[in-house]
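J.: Please read through the structure below; I'll follow up with questions.
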Amino acid sequence: MDVVKRNNVRLIGRGTQPMLLAHGFGCDQNMWRFLTPAFEDDYRIVLFDYVGSGKSDVSAYDERRYATLDGYAQDVLDVVEALDLHDVIFVGHSVSSMVGVLAANRQPERFERLIMVGPSPRYINDSDYVGGFERADIEGLLELMDKNYIGWSSFLAPVIMKNEDRPELWQELHESFCSTDPKIARRFAEATFFADNRGDLARVAVPSLILQCAEDAIAPVEVGTYLNRTMPASTLRLLRATGHCPHVSHPAETIEAIKEYLRAA
(Lines give C-alpha, C1' and ligand atoms only; values in the text may rest on other atoms or scores of the structure.)
Protein backbone atom coordinates (compact mmCIF):
# COMPACT_ATOMS: atom_id res chain seq x y z
CA MET A 1 0.00 0.00 0.00
CA ASP A 2 1.46 3.33 -1.10
CA VAL A 3 0.14 5.57 1.66
CA VAL A 4 1.84 8.66 0.25
CA LYS A 5 -0.05 8.28 -3.02
CA ARG A 6 -3.28 7.05 -1.42
CA ASN A 7 -3.55 10.05 0.91
CA ASN A 8 -1.97 12.58 -1.47
CA VAL A 9 0.76 13.33 1.06
CA ARG A 10 2.86 16.45 0.47
CA LEU A 11 5.90 17.60 2.42
CA ILE A 12 6.91 21.26 2.60
CA GLY A 13 9.01 23.37 4.91
CA ARG A 14 12.65 23.64 5.90
CA GLY A 15 12.50 22.43 9.50
CA THR A 16 12.98 18.96 10.92
CA GLN A 17 10.18 18.51 13.47
CA PRO A 18 7.01 17.27 11.73
CA MET A 19 3.82 19.30 11.87
CA LEU A 20 0.96 17.19 10.53
CA LEU A 21 -2.10 19.15 9.35
CA ALA A 22 -5.43 17.28 9.21
CA HIS A 23 -8.35 18.91 7.40
CA GLY A 24 -11.98 18.84 8.51
CA PHE A 25 -15.15 17.32 7.08
CA GLY A 26 -15.84 18.13 3.44
CA CYS A 27 -12.47 19.83 2.98
CA ASP A 28 -8.94 18.98 1.87
CA GLN A 29 -5.35 20.03 2.55
CA ASN A 30 -5.77 23.22 0.52
CA MET A 31 -7.67 24.75 3.45
CA TRP A 32 -4.35 25.09 5.31
CA ARG A 33 -2.74 27.32 2.69
CA PHE A 34 -3.04 30.50 4.80
CA LEU A 35 -1.24 28.88 7.75
CA THR A 36 1.60 26.92 6.19
CA PRO A 37 3.81 29.88 5.17
CA ALA A 38 4.07 30.93 8.82
CA PHE A 39 5.52 27.56 9.86
CA GLU A 40 7.63 26.54 6.85
CA ASP A 41 10.89 27.91 8.26
CA ASP A 42 10.68 25.97 11.50
CA TYR A 43 8.85 22.73 10.72
CA ARG A 44 8.60 19.87 8.26
CA ILE A 45 4.97 20.30 7.31
CA VAL A 46 3.03 17.19 6.34
CA LEU A 47 -0.17 17.74 4.36
CA PHE A 48 -2.55 14.96 3.35
CA ASP A 49 -6.12 14.21 2.31
CA TYR A 50 -8.25 11.57 4.00
CA VAL A 51 -9.27 8.78 1.66
CA GLY A 52 -12.41 10.03 -0.10
CA SER A 53 -11.39 13.68 0.17
CA GLY A 54 -9.41 16.05 -2.04
CA LYS A 55 -6.99 14.32 -4.40
CA SER A 56 -6.75 11.09 -2.44
CA ASP A 57 -7.11 7.71 -4.16
CA VAL A 58 -10.88 7.26 -3.99
CA SER A 59 -10.54 3.64 -5.11
CA ALA A 60 -9.04 2.93 -1.66
CA TYR A 61 -12.26 4.02 0.06
CA ASP A 62 -13.85 1.29 2.20
CA GLU A 63 -17.21 2.18 3.67
CA ARG A 64 -16.74 -0.23 6.59
CA ARG A 65 -13.37 1.26 7.55
CA TYR A 66 -14.63 4.84 7.33
CA ALA A 67 -17.97 4.21 9.02
CA THR A 68 -16.42 5.57 12.24
CA LEU A 69 -13.67 8.04 13.08
CA ASP A 70 -11.36 5.11 13.87
CA GLY A 71 -10.86 4.65 10.13
CA TYR A 72 -9.75 8.26 9.75
CA ALA A 73 -7.44 7.90 12.76
CA GLN A 74 -5.88 4.93 10.98
CA ASP A 75 -5.24 7.17 7.96
CA VAL A 76 -3.29 9.51 10.26
CA LEU A 77 -1.29 6.66 11.77
CA ASP A 78 -0.64 5.17 8.32
CA VAL A 79 0.88 8.49 7.22
CA VAL A 80 2.89 8.80 10.45
CA GLU A 81 4.25 5.27 10.08
CA ALA A 82 4.91 5.52 6.34
CA LEU A 83 7.08 8.60 6.92
CA ASP A 84 8.40 7.28 10.26
CA LEU A 85 7.42 10.47 12.05
CA HIS A 86 8.17 11.15 15.71
CA ASP A 87 7.59 14.18 17.99
CA VAL A 88 4.65 15.09 15.76
CA ILE A 89 2.78 18.34 16.29
CA PHE A 90 -0.68 17.35 15.11
CA VAL A 91 -2.98 20.17 14.02
CA GLY A 92 -6.56 19.07 13.43
CA HIS A 93 -9.54 21.11 12.32
CA SER A 94 -13.01 20.31 13.63
CA VAL A 95 -13.66 16.54 13.51
CA SER A 96 -9.95 15.95 12.90
CA SER A 97 -9.32 17.11 16.44
CA MET A 98 -11.00 13.95 17.71
CA VAL A 99 -9.29 11.92 14.99
CA GLY A 100 -6.04 13.22 16.49
CA VAL A 101 -7.18 12.20 19.97
CA LEU A 102 -7.85 8.67 18.76
CA ALA A 103 -4.51 8.46 16.96
CA ALA A 104 -2.55 9.87 19.91
CA ASN A 105 -4.25 7.49 22.34
CA ARG A 106 -3.22 4.55 20.15
CA GLN A 107 0.40 5.66 19.66
CA PRO A 108 1.20 8.45 22.14
CA GLU A 109 4.94 7.94 21.64
CA ARG A 110 4.61 9.40 18.12
CA PHE A 111 3.04 12.71 19.18
CA GLU A 112 4.45 15.70 21.04
CA ARG A 113 1.47 18.09 20.88
CA LEU A 114 -2.14 18.14 19.74
CA ILE A 115 -3.52 21.44 18.45
CA MET A 116 -7.27 21.30 18.04
CA VAL A 117 -9.05 23.96 15.97
CA GLY A 118 -12.78 24.11 16.74
CA PRO A 119 -12.92 20.65 18.37
CA SER A 120 -15.96 18.80 19.67
CA PRO A 121 -16.09 15.34 21.26
CA ARG A 122 -19.85 15.11 20.70
CA TYR A 123 -22.11 17.36 18.63
CA ILE A 124 -25.41 16.19 20.12
CA ASN A 125 -26.66 17.52 23.46
CA ASP A 126 -26.86 14.94 26.23
CA SER A 127 -28.47 15.65 29.63
CA ASP A 128 -26.14 18.29 31.15
CA TYR A 129 -23.70 18.20 28.21
CA VAL A 130 -24.05 20.98 25.64
CA GLY A 131 -22.94 19.86 22.19
CA GLY A 132 -24.86 22.43 20.17
CA PHE A 133 -27.37 20.17 18.38
CA GLU A 134 -30.35 18.01 19.15
CA ARG A 135 -30.36 14.57 17.54
CA ALA A 136 -33.32 15.64 15.40
CA ASP A 137 -31.22 18.53 14.03
CA ILE A 138 -28.52 16.13 12.82
CA GLU A 139 -31.06 13.71 11.40
CA GLY A 140 -32.66 16.60 9.52
CA LEU A 141 -29.32 17.67 8.04
CA LEU A 142 -28.58 14.12 6.91
CA GLU A 143 -32.03 13.82 5.38
CA LEU A 144 -31.41 17.05 3.46
CA MET A 145 -28.09 15.63 2.25
CA ASP A 146 -29.93 12.63 0.85
CA LYS A 147 -32.64 14.67 -0.83
CA ASN A 148 -30.72 17.71 -2.09
CA TYR A 149 -26.95 17.61 -1.62
CA ILE A 150 -26.32 20.97 -3.32
CA GLY A 151 -29.08 22.57 -1.25
CA TRP A 152 -27.62 21.06 1.92
CA SER A 153 -24.20 22.50 1.06
CA SER A 154 -25.66 25.93 0.24
CA PHE A 155 -27.42 25.97 3.61
CA LEU A 156 -24.62 24.63 5.81
CA ALA A 157 -21.53 26.36 4.36
CA PRO A 158 -22.54 29.90 5.48
CA VAL A 159 -23.54 28.57 8.92
CA ILE A 160 -20.15 26.94 9.40
CA MET A 161 -18.05 29.79 8.02
CA LYS A 162 -20.08 32.72 9.39
CA ASN A 163 -18.38 36.09 8.52
CA GLU A 164 -21.35 37.07 6.38
CA ASP A 165 -19.57 40.16 5.11
CA ARG A 166 -17.06 37.90 3.28
CA PRO A 167 -19.23 35.60 1.14
CA GLU A 168 -16.22 34.32 -0.78
CA LEU A 169 -15.27 32.31 2.33
CA TRP A 170 -18.45 30.27 2.55
CA GLN A 171 -18.59 29.98 -1.23
CA GLU A 172 -15.20 28.28 -1.17
CA LEU A 173 -16.44 25.89 1.52
CA HIS A 174 -19.58 25.22 -0.52
CA GLU A 175 -17.43 24.37 -3.55
CA SER A 176 -15.28 22.09 -1.43
CA PHE A 177 -18.37 20.24 -0.20
CA CYS A 178 -19.65 19.90 -3.74
CA SER A 179 -16.36 18.48 -5.01
CA THR A 180 -16.72 15.49 -2.65
CA ASP A 181 -18.60 12.36 -3.69
CA PRO A 182 -22.04 12.80 -2.04
CA LYS A 183 -22.17 9.20 -0.82
CA ILE A 184 -18.74 9.46 0.80
CA ALA A 185 -19.63 12.87 2.28
CA ARG A 186 -22.86 11.40 3.68
CA ARG A 187 -20.99 8.60 5.45
CA PHE A 188 -18.32 11.00 6.76
CA ALA A 189 -21.07 13.30 8.07
CA GLU A 190 -22.72 10.42 9.91
CA ALA A 191 -19.39 9.28 11.37
CA THR A 192 -18.71 12.88 12.45
CA PHE A 193 -22.00 14.08 13.86
CA PHE A 194 -23.04 10.87 15.61
CA ALA A 195 -19.61 10.33 17.19
CA ASP A 196 -19.19 10.46 20.95
CA ASN A 197 -15.53 10.70 21.97
CA ARG A 198 -16.05 12.02 25.47
CA GLY A 199 -14.78 8.74 26.91
CA ASP A 200 -11.47 9.13 25.07
CA LEU A 201 -10.53 12.53 26.47
CA ALA A 202 -9.29 11.64 29.96
CA ARG A 203 -6.81 9.16 28.45
CA VAL A 204 -5.02 11.76 26.33
CA ALA A 205 -1.47 12.01 27.68
CA VAL A 206 -0.24 14.32 24.93
CA PRO A 207 -0.33 18.06 25.86
CA SER A 208 -3.08 19.75 23.87
CA LEU A 209 -4.19 23.22 22.79
CA ILE A 210 -7.91 23.87 22.32
CA LEU A 211 -8.62 26.79 19.99
CA GLN A 212 -12.19 27.86 20.67
CA CYS A 213 -13.82 30.32 18.30
CA ALA A 214 -16.40 32.94 19.22
CA GLU A 215 -19.91 32.50 17.86
CA ASP A 216 -19.22 29.02 16.52
CA ALA A 217 -22.48 27.33 15.48
CA ILE A 218 -20.79 23.92 15.23
CA ALA A 219 -18.76 23.88 18.45
CA PRO A 220 -20.08 26.39 21.02
CA VAL A 221 -17.96 27.77 23.86
CA GLU A 222 -19.41 25.23 26.30
CA VAL A 223 -17.71 22.49 24.29
CA GLY A 224 -14.31 24.14 24.60
CA THR A 225 -14.64 24.52 28.35
CA TYR A 226 -15.79 20.90 28.64
CA LEU A 227 -12.73 19.70 26.73
CA ASN A 228 -10.40 21.81 28.86
CA ARG A 229 -11.99 20.47 32.03
CA THR A 230 -11.82 16.85 30.87
CA MET A 231 -8.43 16.62 29.14
CA PRO A 232 -5.68 16.51 31.79
CA ALA A 233 -2.89 18.31 29.88
CA SER A 234 -4.94 20.81 27.90
CA THR A 235 -4.82 24.57 27.41
CA LEU A 236 -7.89 26.53 26.30
CA ARG A 237 -7.44 29.59 24.09
CA LEU A 238 -10.50 31.69 23.31
CA LEU A 239 -10.21 33.38 19.92
CA ARG A 240 -11.90 36.57 18.78
CA ALA A 241 -12.43 34.86 15.42
CA THR A 242 -16.02 34.04 14.60
CA GLY A 243 -17.27 30.96 12.79
CA HIS A 244 -15.84 27.45 12.70
CA CYS A 245 -12.86 27.87 10.34
CA PRO A 246 -10.48 30.43 11.85
CA HIS A 247 -7.52 29.10 9.83
CA VAL A 248 -9.40 30.36 6.76
CA SER A 249 -11.31 33.37 8.07
CA HIS A 250 -8.79 34.66 10.64
CA PRO A 251 -5.41 33.07 9.84
CA ALA A 252 -3.25 35.72 11.55
CA GLU A 253 -4.93 35.24 14.93
CA THR A 254 -4.84 31.46 14.54
CA ILE A 255 -1.14 31.49 13.66
CA GLU A 256 -0.29 33.69 16.62
CA ALA A 257 -2.25 31.47 19.03
CA ILE A 258 -0.45 28.35 17.80
CA LYS A 259 2.98 29.99 17.85
CA GLU A 260 2.46 31.40 21.34
CA TYR A 261 1.50 27.96 22.62
CA LEU A 262 4.48 26.27 21.00
CA ARG A 263 6.89 28.93 22.25
CA ALA A 264 5.72 28.30 25.81
CA ALA A 265 6.00 24.52 25.46
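J.: Pick out, in residue order, every one of the trypsin sites (Lys or Arg not before Pro) in the stretch 149-229 that is DSSP loop and has at most 16 other C-beta atoms within 10 Å; say none if there are none. Could you put the intermediate results ahead of the total?
T.: On the way: sites: K162, K183, R186, R187, R198, R203, R229; in loops: K162, R203.
Passing both the DSSP loop test and the Cβ count: R203.
J.: Moving to a separate point now. Between the stretch 222-265 and the stretch 149-187, what's the alpha-carbon centroid distance in Å?
T.: Taking the Cα centre of the stretch 149-187 as reference, the centre of the stretch 222-265 is 23 Å away.
J.: Right, another one. How much accessible area per residue does the chain have, in Å², with a 1.4 Å probe?
T.: On the way: 11000 Å² over 265 residues.
Solvent-accessible surface per residue comes out at 41 Å².
J.: Still on this model: Please build a GNM for the chain, connecting alpha carbons under 10 Å apart, and tell me which residue among G224, G24, G15 fluctuates the most.
T.: Comparing G224, G24, G15 in a Gaussian network model of the chain, the most mobile one is G15.
J.: I would also like to ask the following. Compute the length gained on full extension between R240 and Q171: take 0.36 nm times their separation in residues and subtract their Cα-Cα distance, giving the result in nm to one decimal. Intermediate results must be reported in sequence, preceding the final value.
T.: Details: separation 69, 0.36 × 69 = 24.84 nm, distance 2.21 nm.
Difference between extended and current length: 22.6 nm.
J.: Which of the listed residues, A233, P158, P251, is farthest toward the dipole's positive end in the chain, when Lys, Arg count +1 and Asp, Glu count -1 at the beta-carbon?
T.: Ranked along the dipole, the leading option is A233.
J.: While we're here: Would you calculate a helix-derived [θ] at 222 nm for the chain, using -39,500 (n - 2.57) for each DSSP H run of n ≥ 4 and dividing by the full residue count, to the nearest 500?
T.: For the chain, the value works out to -12500 deg cm²/dmol.
J.: I'd like the carbon and sulfur percentage of the solvent accessible area for the stretch 121-239, probe radius 1.4 Å, heavy atoms only, ligands and nucleic acids excluded.
T.: On the way: 2850 of 5570 Å².
Ligands and nucleic acids excluded, carbon and sulfur give 51 percent.
J.: Also, I was wondering about something else. Pairs of alpha-carbon atoms within less than 8 angstrom and 6+ residues apart define the contacts here; what relative contact order does the chain have, in percent? Numbers along the way, then the final one.
T.: On the way: 528 pairs, mean separation 52.3, N = 265.
This gives 20 percent for the chain.
J.: Would you calculate the separation in nanometres between label points at R229 and Y129, each defined as 7 Å from the Cα along the Cα-to-beta-carbon direction?
T.: In this crude label model, R229 to Y129 measures out at 1.3 nm.
J.: Please state the relative contact order of the stretch 214-259 as a whole percent: Cα pairs under 8 Å, 6+ residues apart?
T.: Numbers: 35 pairs, mean separation 16.7, N = 46.
This gives 36 percent for the stretch 214-259.
J.: Given a Förster distance of 41 Å, report the FRET efficiency between D181 and R263 from their Cβ-Cβ distance, rounded to the nearest 0.05. If you can, show how the numbers build up before the last one.
T.: On the way: r = 41 Å, r/R0 = 1.00.
Once rounded, the FRET efficiency stands at 0.50.
J.: Separate question: Run the dipole for the stretch 122-229 about the Cα centre, Lys and Arg Cβ at +1, Asp and Glu Cβ at -1, nothing else charged, and hand back the magnitude in debye, nearest 20. Working shown, then result.
T.: On the way: 11 positive and 19 negative charges, 77 e Å.
Charge dipole of the stretch 122-229: 380 debye, to the nearest 20.
J.: So for the chain: antiparallel DSSP bridges make up what percent, rounded to the nearest 5? List each step's numbers first, then the result.
T.: Working: 5 of 30 bridges.
Expressed as a percentage, antiparallel bridges in the chain total about 15.
J.: Now for a different question. May I ask you to derive the relative contact order of the stretch 19-128, considering only C-alpha pairs under 8 Å and at least 6 residues apart, and to give it as an integer percent?
T.: Working: 155 pairs, mean separation 29.5, N = 110.
RCO, the stretch 19-128: 27 percent.
J.: Once you put a point 7 Å from the Cα of T68 and another 7 Å from the Cα of A136, both along the Cβ direction, what distance in nm separates them?
T.: Between T68 and A136, the label points sit 2.9 nm apart.
J.: Expressed as a whole number of Å, what is the distance separating the alpha-carbon centroids of the stretch 61-89 and the stretch 22-50?
T.: So the two Cα centres are separated by 16 Å.
J.: To the nearest 20 Debye, how big is the dipole of the chain about its Cα centre, given +1 on the beta carbon of each Lys and Arg and -1 on that of each Asp and Glu?
T.: Numbers: 27 positive and 39 negative charges, 79 e Å.
Value, rounded to 20: 380 debye.
The values are calculated or read from the model by the stated rules, or taken from the named source; none is laboratory data. Model, not experiment: these values are computed from the prediction. FYI the Cβ positions are ideal-geometry reconstructions off the backbone, even for glycines, and counts take in every protein chain you see. The protein model used for the area step is the full one, side chains on, heavy atoms only, and it has no ligands, DNA or RNA in it. Shrake-Rupley method; radii C 1.70, N 1.55, O 1.52, S 1.80 Å.
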